[in-house]
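Structure first, commentary second.
The values are calculated or read from the model by the stated rules, or taken from the named source; none is laboratory data. Just so you know, these numbers come straight off a predicted model, no measurement behind them. Using ideal geometry, Cβ is built from the backbone for each residue, glycine included, and neighbour counts are taken over all protein chains shown.
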Amino acid sequence: MIRDGVITSVELVQACLACVREVDGQIQAWAFLDPEHALAQARAADEYRMSGQPTGALHGVPVGIKDIIDTADMPTENGSVLHAGRTPSRDASVVSLLRAAGAIVMGKTVTTEFATRTPGKTRNPHNPAHTPGGSSSGSAAAVAAGMVPLALGSQTTGSTIRPASYCGVFGFKPTHGLVPRHGMFQLSRTLDHVGLFARSLEDIALLLGELAAHDERDPDSRPRARVPYRDVAAQEPPLTPMFAFLKTPLWDRVDPDAREAFEELVDHLGGRVEEIELVVSIDEVLEWQRAIGGAEMAISLRREWDNGRDKLSPALRSRIEHGRAVRAVDYLGARASIPELAASLTELFEQRYDAILTPAAFGTAPAGLESTGDPAFCALWTLCGMPALSVPLMQGANGLPLGVQLVGARHRDGQLLRAVRWLVSHLQANPVSMT
């Protein structure tokens with residue numbers, strides 16, 4: 001609409017700011033927001049478009065940025081008093097890519113403390129007595145509440161998929177290394193991913209197409225041919241997709257209404273879904289994830305530990321202590337397990353399936369703000385660096401959103417989006433209650 005002159009960037013940003021004024025007092029999704037700066041960017045975007053210059057795919061569109069991702073024109077405080085007032089001198093890679101596509105950096109969204117599990121101030125937009133999830137709390141809540149159409153987050157275990165499920169939006173964790181992380185607070189090099197939030201699958205695909213890039217400053221980034229993810233996602237699959245339903249041994253802990261909703265979904269898909277068993281012990285996976293994440297977190301936060309541990313939350317201090325105690329043999333053994341595990345999972349896709357269907361969380365957003373929920377259903381896919389998407393298809397008995405997690409093979413992000421687009425269209429044409 002901006003490209004076609006139906007609306008201006010200023011009008012869109014003004015509408016987003018009006019929504020912020022109306023609802024953010026209760027939701028508290030923003031860590032930093034300067035309305036005048038957002039509008040100044042929008043005015044510059046409109047002037048540029050009116051000059052006849054070529055525009056990018058996100059020209060004039062406001063985006064929220066998780067407050068662990070550096071922005072040169074506003075603070076990045078990483079959700080901690082230890083970094084209060086921190087003002088980076090340069091944009092993170094993803095912020096530079098957004099600006100190159102014409103996007104408006106609207107503001108910084110709330111993160112949990114150093115993107116771990118100690119909650120920030122944000123509340124669930126569907127019921128403020130419930131958590132929005134974490135650690136990308138503000139990004140998920142801001143998109144869900146209509147305060148911004150797109151937002152960036154991150155994921156080290158379940159920090160994009162879980163809040164997307166709790167808040168009822170699309171949340172995407174791409175293949176590890178596909179989107180560069182330079183300029184994002186590093187918690188764990190092995191596990192950190194940039195996360196994407198939107199209210200439609202098409203917007204996720206569009207955003208991914210602008211952010212998938214090589215950056216030599218990210219040691220896990222690799223040169224790759226540019227993929228038109230939006231076009232790939234919109235294509236009709238050459239064959240009707242097949243889904244693998246994976247309960248995992250965690251299934252008995254899933255809330256009863258969530259189990260019922262998933263069973264209804266699987267029944268509705270009929271011959272397009274088959275139940276499979278996990279090829280590895282989930283307890284082993286979680287132990288590997290804890291060893292890697294804990295040890296790398298302890299290294300990433302060693303300066304804060306040495307100089308300001310009294311200002312860290314008790315929960316984070318405990319996790320750092322655990323990480324500092326991880327033995328080298330356990331850390332290296334966990335790292336060495338990843339390639340074989342990822343290869344065994346890839347075989348599932350090569351043999352029969354287009355995507356794995358599994359819960360994003362144990363149920364709807366828990367009541368209370370003391371916890372951001374359990375990320376265990378996301379750990380395996382994050383450990384293996386596989387693309388995962390939370391899709392807002394269901395709701396719990398309490399009326400809160402309940403996401404479905406769909407997982408694809410590494411480096412097949414486009415095929416995953418295409419299979420999910422088929423699933424969403426199929427359910428729209430053949431609705432089922434799933435509550």
Practice item. Test each condition in (1) of a type outside the set (Gly, Ala, Ser); (2) within 9 Å of the chain's Cα centre (by Cα); (3) surrounded by fewer than 24 Cβ atoms within 10 Å (Cβ to Cβ) for Leu152 and report the one that comes out false. Key: (3)
Review point. Across region 4-28, which residue is surrounded by the fewest Cβ atoms within 10 Å (Cβ to Cβ) among those that are without any contact (Cβ under 8 Å) to a residue 40 or more places away in the chain and under 24 Å from Ala141 (Cβ atoms)?
Key: Gly25
Check your understanding: Taking region 335-384, which residues are assigned to a loop (DSSP other than H, G, I, E, B), under 18 Å from Gln155 (Cβ atoms) and of a type outside the set (A, V, I, L, M)?
Key -> Phe362, Ser371, Thr372, Gly373, Asp374, Pro375, Cys384
Check your understanding: Just a yes or no: is a residue in region 285-292 under 24 Å from the mean Cα position of the chain (by Cα) and more than 29 Å from Gly403 (Cα to Cα)?
Key -> no
Exercise for review: Give just the number: which of (1) in contact with a His (Cβ under 8 Å, 6 or more places away or on another chain); (2) part of a helix (DSSP H, G or I); (3) closer than 30 Å to Phe114 by Cβ does Gln26 not satisfy?
Suggested key: (1)
Review point. How many residues does region 254-286 contain that are surrounded by 15 or more Cβ atoms within 10 Å (Cβ to Cβ), at pLDDT 95 or above and under 30 Å from His322 (Cα atoms)?
Key: 4
Practice item. For Ala233, state whether it is surrounded by 24 or more Cβ atoms within 10 Å (Cβ to Cβ) and farther than 28 Å from Trp30 by Cβ. Key: yes
Review point. On the given criteria, is Glu370 closer than 24 Å to Asn124 by Cα, surrounded by fewer than 24 Cβ atoms within 10 Å (Cβ to Cβ) and of a type in the set (Asp, Glu)?
Key: yes
**Study point:** Some residue of region 114-123 being within 13 Å of the chain's Cα centre (by Cα), crowded, with 24+ Cβ neighbours inside 10 Å and not aromatic (Phe, Trp, Tyr)
**Key:** yes
**Study point:** Filtered residues of region 196-232 (kept if in a loop (DSSP other than H, G, I, E, B) and touching a Phe, Trp or Tyr at 6+ places or on another chain (Cβ under 9 Å))
**Key:** Arg199, Ser200, Ala212
Check your understanding: Does Ala244 satisfy being assigned to a helix (DSSP H, G or I), within 21 Å of Pro392 (Cα to Cα), touching a helix residue (DSSP H, G or I) at 6+ places or on another chain (Cβ under 8 Å) and modelled with pLDDT of 95 or more?
Key -> no
Exercise for review: Considering each residue of region 302-356, count those that are within 30 Å of Phe262 (Cβ to Cβ) and free of Cβ contacts under 8 Å to residues at least 40 places away in the same chain, and give that number.
Suggested key: 4
Review point. How many residues are touching a residue at least 60 places away in the same chain (Cβ under 8 Å), among the hydrophobic types (A, V, I, L, M, F, W, C) and over 30 Å from Asp374 (Cα atoms) if we restrict to region 234-261?
Key: 1
Exercise for review: Might you check whether a residue that is in contact (Cβ under 8 Å) with a residue 40 or more places away in the chain, over 21 Å from Arg217 (Cβ atoms) and not hydroxyl-bearing (Ser, Thr, Tyr) occurs anywhere in region 88-99?
Suggested key: no
Check your understanding: Got at least one residue in region 116-132 being in contact (Cβ under 8 Å) with a residue 24 or more places away in the chain and at positive phi?
Key -> no
Exercise for review: Residues being at pLDDT below 95, of a type in the set (A, V, I, L, M, F, W, C) and not in a helix (DSSP H, G or I): count how many of those fall in region 405-435.
Suggested key: 2
**Study point:** Counted residues, region 29-63 - those being free of Cβ contacts under 8 Å to residues at least 24 places away in the same chain, part of a loop (DSSP other than H, G, I, E, B) and surrounded by 15 or more Cβ atoms within 10 Å (Cβ to Cβ)
**Key:** 0
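Of the residues Ala295, Ala291, Ala355, Ala342, which single one is crowded, with 16+ Cβ neighbours inside 10 Å, touching a Phe, Trp or Tyr at 6+ places or on another chain (Cβ under 6 Å) and under 23 Å from Gly171 (Cα atoms)?
Ala355
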Review point. On the given criteria, is Ser337 surrounded by fewer than 24 Cβ atoms within 10 Å (Cβ to Cβ), in contact with a helix residue (DSSP H, G or I) (Cβ under 7 Å, 6 or more places away or on another chain) and farther than 28 Å from Ala141 by Cβ?
Key: yes
Point to revise | Single match in Gly403, Gly408 (criterion: surrounded by 24 or more Cβ atoms within 10 Å (Cβ to Cβ) and closer than 22 Å to Val432 by Cβ) | key: Gly403
Check your understanding: Picking from Leu211, Leu206, which residue would you name as being closer than 19 Å to Lys108 by Cα, surrounded by fewer than 24 Cβ atoms within 10 Å (Cβ to Cβ) and aliphatic (A, V, I, L, M)?
Key -> Leu211
